[in-house]
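Encoded as structure tokens, the structure appears first; notes follow it.
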Amino acid sequence: MFSQNKVSSNTLIASIGVSSAMFLIGASTVSAQTVFNDVPTNYWAQTFIQELASRDIIKGFPDGGFRPNDPVTRAQFAAMLSKAMNKAPIRGGVTFVDVASNFWAAPAIQRAYTTGFMSGYPGNIFEPTQNIPRVQILVSLANGLNYATSQAPETILQSYSDSGSIPNYARNSVAAATENRMVVNYPNVQFLNPNQTATRAEVAAFIYQALVRSGQASAIASPYIVGQNSNNTTPVQNQVRIPAGNMISVQYSKDKILLGPDERVPLSLVVAQNIVNSQGMMLIPTGTQVAGELRTVSGGAQFFANELVFANGQRTPINAVSKVVTTTERVDRGVSTGNLLRNTALGAAAAAAIAAVTGDRALATEEILGGAGIGALLGLFLGRDSVTLASVNPNTDLALTLASDLVLGTPRF
């Protein structure tokens with residue numbers, strides 16, 4: 001059994017006032033910055049990022065970083081599109097019920113819609129704060145730029161070892177994007193990881209390749225561009241593979257996490273025990289961070305892992321999920337928040353629900369996971385005598401199962 005030593009997470013935000021606006025494309029950034037302190041010259045996407053930054057399509061942050069591995073939301077992607085793609089509208093606008101007229105990205109969202117790059121969900125819902133998966137980026141660009149294939153889509157998709165994971169609705173568009181050399185897969189060019197949340201670096205690479213295809217940018221030589229080489233089989237040296245279906249035990253610094261309804265929070269777990277192969281080679285050491293997102297889903301809560309962060313700074317995409325956790329906890333008016341919140345982390349919606357039901361507004365000292373400040377959410381719960389929250393014990397509930405093969409470069413720990 002894996003050990004349960006507690007390791008602090010770097011993703012906890014201990015302030016209820018932190019807004020998602022700090023992650024917006026171009027928000028409070030350094031003008032014309034093209035060199036970033038967290039994007040070294042040998043970083044796989046460095047050239048893509050630098051080129052787009054020089055065009056003012058993407059920007060960094062006041063601390064001098066770019067945060068290449070941060071997830072991208074649908075609103076943020078719309079903002080990128082608005083700066084990158086000069087296309088005339090092809091349809092009229094629409095009113096999305098979850099995009100207020102004064103929302104920071106409302107104009108960009110409308111432009112992405114009217115130009116055919118993005119659409120909403122049934123009921124005129126856009127989900128602006130939803131993290132966008134890689135496959136949606138590719139579908140958006142392929143459709144918006146009217147990409148087409150010259151051969152059978154299924155033939156093109158044979159380029160990917162995980163082509164079976166591409167949703168049916170996206171297969172033609174992904175094939176078109178592939179044939180037009182817009183797809184960039186790191187660290188293994190043959191793995192698309194279509195349902196993995198797109199990172200800022202990945203979106204930069206996809207958008208840049210779209211500019212190359214439209215003649216607005218010069219081609220970049222990269223072994224990770226699908227189709228860059230004629231045989232499309234550029235090997236990535238010194239790789240090891242952990243097959244899909246294997247489990248990784250994880251742990252967290254808190255005993256409990258509470259989530260409100262329809263909540264998504266960034267979360268970083270740590271690997272609980274060394275993972276080695278049959279020859280005793282260390283593949284993933286204890287303490288390696290597992291970055292991802294904890295969400296309330298139908299029937300409970302579930303963790304979606306998207307990246308491993310090793311102690312030496314090496315980062316590797318991972319596609320893994322926990323089981324659906326069905327445990328809940330009811331919070332009634334008058335309950336002692338001191339006992340309720342002991343060694344507990346909260347999503348912003350859960351914090352707002354507890355504050356509204358108990359009347360205790362002094363939750364700023366508790367561990368609030370990323371998301372909107374609770375002040376904006378209080379109104380959803382005011383007047384209730386009780387609320388039921390999803391309750392997760394991360395040290396027992398969130399063991400991960402690989403949804404696709406995990407490909408690792410030979411680690412240098």
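The values are calculated or read from the model by the stated rules, or taken from the named source; none is laboratory data. In this text the structure is predicted, and so the values were computed from the model without any measurement. Here Cβ is always computed from backbone atoms with ideal geometry, including for glycine, and neighbour counts include all displayed protein chains.
What to note about this one:
- Complete set of residues in segment 121-135 that are in contact with a strand residue (DSSP E or B) (Cβ under 8 Å, 6 or more places away or on another chain) and more than 26 Å from R181 (Cβ to Cβ): E127, P128, T129, Q130
- Only one entry in S222, S298 is exposed (fewer than 13 other Cβ atoms within 10 Å of the Cβ) and either at pLDDT below 85 or not assigned by TED's automatic domain parsing to the domain that holds P128 (or both), namely S298.
- Search result, residues across segment 309-321 that are more than 15 Å from P71 (Cβ to Cβ) and surrounded by 22 or more Cβ atoms within 10 Å (Cβ to Cβ): A320
- Filtered by the rule that a residue be among the charged types (D, E, K, R), under 15 Å from R134 (Cα atoms) and surrounded by fewer than 20 Cβ atoms within 10 Å (Cβ to Cβ), segment 43-84 gives a lone residue, D70.
Yes/no matrix, rows are residues, columns are (1) in a loop (DSSP other than H, G, I, E, B); (2) closer than 24 Å to G292 by Cα; (3) out of contact with any strand residue (DSSP E or B) (no Cβ under 7 Å at 6 or more places or on another chain):
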position	(1), (2), (3)
S119	yes, no, yes
I137	no, yes, yes
N143	no, no, yes
Q151	yes, no, yes
E154	no, no, yes
Q158	no, no, yes
Y169	no, no, yes
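- For segment 261-282, filtering for residues that are among the polar types (S, T, N, Q) and surrounded by 20 or more Cβ atoms within 10 Å (Cβ to Cβ) leaves 1.
- Annotation: of all residues in segment 356-383 being out of contact with any Phe, Trp or Tyr (no Cβ under 7 Å at 6 or more places or on another chain) and modelled with pLDDT of 70 or more, the one that is farthest from D255 (Cα to Cα) is T358.
- Near pairs, Cβ below 7 angstrom, 6+ apart or cross-chain, from segment 249-275 (within 15 Å of I368 (Cβ to Cβ)) to any residue that is modelled with pLDDT under 90 and among the basic types (K, R): S253/K6
- Among the residues of segment 15-33, at least one is surrounded by 11 or more Cβ atoms within 10 Å (Cβ to Cβ) and at pLDDT 50 or above.
- Across segment 94-111, the number of residues qualifying as among the hydroxyl-bearing types (S, T, Y) and more than 14 Å from E127 (Cα to Cα) comes to 1.
- Residue among S161, S173, S140 that is more than 20 Å from P71 (Cα to Cα), in contact (Cβ under 8 Å) with a residue 60 or more places away in the chain and not acidic (D, E): S161
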